[in-house]
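The values are calculated or read from the model by the stated rules, or taken from the named source; none is laboratory data. All values reported here derive from a predicted model rather than from experimental measurement. A quick note on method: Cβ atoms are made from the backbone with ideal geometry, for glycine too, and the neighbour counts reach across all protein chains shown.
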Amino acid sequence: MSREKAKRGTFDSLRNRNYRLYMSGQLISVSGTWMQTVGLSWLVLKLTGSGVQLGAVTAAQFLPLLLLGAVGGLVADRANKRRLILLTQTSLALGSLLLGILTMSGVITMWMLYAISIWIGVTNAIDNPARQSFVGELVDRGSVANAVSLNAVVMNSARIIGPGIAGVVIYILGTGFLFMANAASFLAVIVALLLMRPQELFSSERVVRAKGQLREGFAYVWRTPRLRVPLLILLLVGTLAFEFQVSFPLLASAAFHKGAGTYAAFMSFMGIGAVVGGLISATFPQTSIRRLAYTSLGFGALIVVVSFMPNSTAAMLAIIPMGTLSMVFVSIANSTLQLNSDPSMRGRVLSLFTVAYQGSTPIGAPVVGYIGQQLGARYSVAIGGAAAIAAGAYGIASALRRRAVRLSQVQPASSPIQPAEGAAG
């Protein structure tokens, strides 16, 4: 294959106008979201100095994803996803606007942070599965894996841009202005959605309201190993490894005695690695549980390496390859679920992706915060590495077990032909 063809393959989805519009809006909006993530974490530490409080506020944002994520997936399956995303993005903009006004006026308190975090979390419980499954409607089926990977590149380009800007904005203008900027960034997605050509979408048939559809979605995933195993791997990794919004500020402040700029740099360097990982994933022709498992092992090993770096500079350098494997891991998991899901179930399946990846944070964030406060900031990072390694081992064991079952079902050519059940002897 020529270099030119490989390049066209890597960026194939960008030929689609609707996809280009959506990704452009997402780059701006998600950059603002990462700015707010950095600002909110730093504001909590400034107000309380507590790792447990930081974990609790983070949990408040993601608890609705855990409790309502599956419901949000069902809503996405039933609704016009483009219109639904317009509503959720508007709600998120209003939440950020209120957070900015309260912070800039100097009246912000912890109970207000908890309340707004829950508001954002409830909206995200609907928004996340809608956005995840909407990517599959922007391109044809043959381009879904590529679209998912390029979407990940955009998300993580935002992870570089957002925290980098956040560190400067917090230092010069304060966290309140940062929250206001995030509120404005949602306009980019809203405008992109309005400019789309609905007739060019690859929309799946909407699910008609009926009883038992939520239970049907859970049952469908559980009886389908190609969905169940990746989700269980993702659940373990999501619960303890992807809690960097808790472990990184603790690592920056407690282990290296640095400020918000170092925390923002950690997030940006991870984003650099993740962009590379997304581009690598965009070239994968296929996905598999075994590939997901091996990636989880490597990701976990690099997290452990980061946790014991001697200084912040060394940690930043180690975070880059860690970020690369983090995005390869997420892209493989997402593509595997997208491609192995029935279109009528895709919203519900991807809502469980969101629950496993982000909705597990209400459990993991307080645990990681507590470990960081009791054992030290380095261990709040290392526990995530151990979890990813365990998840990878489980995935490999599952793949080997399935392979052994398949081989046992293949009858050797030299064996005598057995009579069919019920046939005369």
What's the number of the only condition in (1) farther than 24 Å from Asp12 by Cβ; (2) crowded, with 24+ Cβ neighbours inside 10 Å; (3) of a type in the set (S, T, N, Q); (4) at pLDDT below 85 that Ser344 fails to meet?
(2)
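Hey, among Val57, Val44, Val52, Val38, which residue is among the β-branched types (Val, Ile, Thr), under 18 Å from Pro362 (Cβ atoms) and at pLDDT below 85?
Details: Val57 fails: at pLDDT below 85; Val44 fails: at pLDDT below 85; Val38 fails: under 18 Å from Pro362 (Cβ atoms).
The unique qualifying residue is Val52.
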Out of (1) closer than 27 Å to Phe248 by Cβ; (2) within 18 Å of the chain's Cα centre (by Cα); (3) surrounded by fewer than 24 Cβ atoms within 10 Å (Cβ to Cβ); (4) of a type in the set (S, T, N, Q), the odd one out for Thr58 is which?
(3)
Is it the case that Phe218 is out of contact with any Pro (no Cβ under 7 Å at 6 or more places or on another chain) and part of a loop (DSSP other than H, G, I, E, B)?
no
Only one of (1) closer than 23 Å to Ile363 by Cα; (2) at pLDDT 90 or above is not met by Ser96, so which one is it?
(1)
Can you confirm whether segment 9-22 contains a residue that is outside any helix (DSSP H, G or I), surrounded by 19 or more Cβ atoms within 10 Å (Cβ to Cβ) and of a type outside the set (Gly, Ala, Ser)?
yes
Could you grab the pairs with beta carbons closer than 6 Å, sequence gap of 6+ or different chains, first residue in segment 94-121 and at negative phi and part of a helix (DSSP H, G or I), second one among the hydroxyl-bearing types (Ser, Thr, Tyr) and modelled with pLDDT under 90?
Thr103/Thr175
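Given the criterion free of Cβ contacts under 8 Å to residues at least 12 places away in the same chain and among the small types (Gly, Ala, Ser), identify the matching residue among Ala314, Ala264, Ala318. Don't jump to the end; show me each part of the working.
On the way: Ala264 fails: free of Cβ contacts under 8 Å to residues at least 12 places away in the same chain; Ala318 fails: free of Cβ contacts under 8 Å to residues at least 12 places away in the same chain.
The unique qualifying residue is Ala314.
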Return a yes/no flag: does segment 177-186 have any residue that is within 25 Å of Arg78 (Cα to Cα), in contact (Cβ under 8 Å) with a residue 40 or more places away in the chain and buried (at least 20 other Cβ atoms within 10 Å of the Cβ).
yes
Only unsatisfied item for Ala365, checking (1) in contact (Cβ under 8 Å) with a residue 60 or more places away in the chain; (2) part of a helix (DSSP H, G or I); (3) over 16 Å from the mean Cα position of the chain (by Cα), is (3)
Restricting to segment 130-164, name every residue that is farther than 26 Å from Asn80 by Cβ and touching a Gly at 6+ places or on another chain (Cβ under 6 Å).
Val153, Asn156, Arg159, Ile160
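Taking the stated definitions as given, is Val349 assigned to a helix (DSSP H, G or I), at pLDDT below 85 and not aromatic (Phe, Trp, Tyr)?
On the way: assigned to a helix (DSSP H, G or I): yes; at pLDDT below 85: yes; not aromatic (Phe, Trp, Tyr): yes.
Taking the combined requirement at face value, the residue satisfies it.
Look at segment 148-202 and say how many of its residues are in a helix (DSSP H, G or I) and more than 26 Å from Gly136 (Cβ to Cβ). Before the answer, list the steps.
If we filter segment 148-202 for residues that are in a helix (DSSP H, G or I), which is where we start, we get 148-172, 175-195, 198-200.
Still in the list and also more than 26 Å from Gly136 (Cβ to Cβ): 163-172, 175-184.
Total satisfying the criteria: 20.
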Working only within segment 328-351, note down all residues that are within 12 Å of the chain's Cα centre (by Cα) and of a type outside the set (Val, Ile, Thr).
Phe329, Ser331, Ala333, Asn334, Leu350, Ser351
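Given the structure, is Ala125 in contact with a Phe, Trp or Tyr (Cβ under 6 Å, 6 or more places away or on another chain) and buried (at least 23 other Cβ atoms within 10 Å of the Cβ)? Show your work before the answer.
On the way: in contact with a Phe, Trp or Tyr (Cβ under 6 Å, 6 or more places away or on another chain): no; buried (at least 23 other Cβ atoms within 10 Å of the Cβ): yes.
It is false that Ala125 is in contact with a Phe, Trp or Tyr (Cβ under 6 Å, 6 or more places away or on another chain) and buried (at least 23 other Cβ atoms within 10 Å of the Cβ).
Scan segment 76-89 residue by residue and report those that are surrounded by fewer than 19 Cβ atoms within 10 Å (Cβ to Cβ), touching a residue at least 24 places away in the same chain (Cβ under 8 Å) and part of a helix (DSSP H, G or I).
Of segment 76-89, the ones surrounded by fewer than 19 Cβ atoms within 10 Å (Cβ to Cβ) are 78-80, 83, 86-87.
Filter once more, keeping what is touching a residue at least 24 places away in the same chain (Cβ under 8 Å): 78-80, 86.
Those that are surrounded by fewer than 19 Cβ atoms within 10 Å (Cβ to Cβ), touching a residue at least 24 places away in the same chain (Cβ under 8 Å) and part of a helix (DSSP H, G or I): Arg78, Leu86.
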Can you tell me which of (1) within 25 Å of Met309 (Cβ to Cβ); (2) among the hydrophobic types (A, V, I, L, M, F, W, C); (3) free of Cβ contacts under 8 Å to residues at least 40 places away in the same chain is the one Leu400 doesn't meet?
(1)
Within segment 288-298, restricting attention to residues that are in contact with a Ser or Thr (Cβ under 8 Å, 6 or more places away or on another chain) and surrounded by fewer than 24 Cβ atoms within 10 Å (Cβ to Cβ), which residue is modelled with the lowest pLDDT?
Ser288
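Could you please give the count of residues in segment 254-264 that are at pLDDT 85 or above, touching a helix residue (DSSP H, G or I) at 6+ places or on another chain (Cβ under 8 Å) and of a type outside the set (Ser, Thr, Tyr)?
Quick first cut of segment 254-264, residues at pLDDT 85 or above only: 254-258, 262.
Now narrow it down to the ones that are touching a helix residue (DSSP H, G or I) at 6+ places or on another chain (Cβ under 8 Å): 254-256, 258, 262.
Those left that are additionally of a type outside the set (Ser, Thr, Tyr): 254-256, 258.
The number of residues fulfilling the criteria is 4.
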Looking at this structure, is Gly142 in contact (Cβ under 8 Å) with a residue 12 or more places away in the chain and either closer than 23 Å to Thr88 by Cβ or part of a helix (DSSP H, G or I) (or both)?
no
Some residue of segment 59-69 being part of a helix (DSSP H, G or I), of a type in the set (Phe, Trp, Tyr) and over 18 Å from Met155 (Cα atoms)
yes
